[in-house]
Structure formats: C-alpha cells, structure tokens
Amino acid sequence: MKRRFIIGGLLAILATLALAGCGSSNKPTEVTVSLTDYGIDSSVTTFKVGQPYHFVVTNNGAVEHELMVVQPIDPSSGMDMEAMDAMAIGHIEAADLQSGDTATLDLTFDQAYPAGTLEFSCHLEGHYEQGMHEDIVVEP
C-alpha cells in the first residue's frame, strides 16, 4: 500500500511539472533588432506560429528609421506609406525610432510565411533601396 502511495504521488508531481512546462511556452521570446544606416540586424530571423515575441528595436544609426514586419514591397510600386502601414503585420513608426531611440513591439504570428514572403524593413525614402530589409521565416 505504501508503494502505491509513493508511485501515485510521484506521478502527480510529474503531471504537475509537465503542465507547468506547457504554460511556459507562451512566455514571450525576446528578440533584439538593431537598425543602422542602412541595415537591419535581428538576433532571430526564424519564428514559430503561435509563439509570442517581444521585439526590442534600437536605432543605432544617425538618422531616423522605422521597422515594419511586412511582405516585401517593391519601392518602385508607387504604394504610399498609408497603404504600406495597412499591410504591415507589425510596425514601429519613425517618430519612435529617432537616432539612439529604443522601442518595443509585441507580436504573435498567426500563420506561416516561407522564406522570401515576409521581412523586416524600413520604407522611409531611400532606406529600403540602400539595404534596410532582412528576410524572415515563420514556421508552423
């Protein structure tokens, strides 16, 4: 009888630990992003659907920048900033990313995006053309 109690107790403890572990996967993953004149460097470029992310974005450049999480947009398409903003999955405005500023963005991807279909980018005039974009992938 004592053996059953010990085994039952151990199983209960293991079940509790397993359930506690399941909840921890919803804790946001912190991602650091550095913006420079004219580049984007992210500590993570492959993401998981349903996992929350906390982006800490620092403008290490001398001029203002923005950060968009968006499908690639050809700068010569003539699309205005308002339309680009509407397409963005996530966005930090240039007003929040002046030289030396740090801003944050919380984002959970709700679908997969294969390579080449989503990127970090800055679409202020001329910035994208100078290389301010980085491909990202979102896996199921």
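The values are calculated or read from the model by the stated rules, or taken from the named source; none is laboratory data. This is a predicted model, so every value here is computed, not measured. Ideal geometry is used to build each Cβ from the backbone, glycine not excepted, and the neighbour counts take in all protein chains shown. The area values use the complete protein model at the heavy-atom level, side chains included, leaving out ligands, DNA and RNA. Shrake-Rupley method; radii C 1.70, N 1.55, O 1.52, S 1.80 Å.
For this structure, a couple of remarks:
- Considering residues of the stretch 84-113 that are of a type in the set (Gly, Ala, Ser) and open to solvent by 40 Å² or more (accessible area, probe 1.4 Å) only, the residue nearest to THR32 (Cα to Cα): GLY100
- Every condition in (1) out of contact with any Ser or Thr (no Cβ under 8 Å at 6 or more places or on another chain); (2) open to solvent by 50 Å² or more (accessible area, probe 1.4 Å); (3) closer than 20 Å to THR104 by Cβ; (4) modelled with pLDDT of 95 or more is met by GLU64 except one, and the failing one is (1).
- Where a residue in the stretch 84-95 is at pLDDT 95 or above and its partner, wherever it lies, is small (Gly, Ala, Ser) and surrounded by 18 or more Cβ atoms within 10 Å (Cβ to Cβ), with Cβ under 8 Å and at least six apart: ILE92/ALA103
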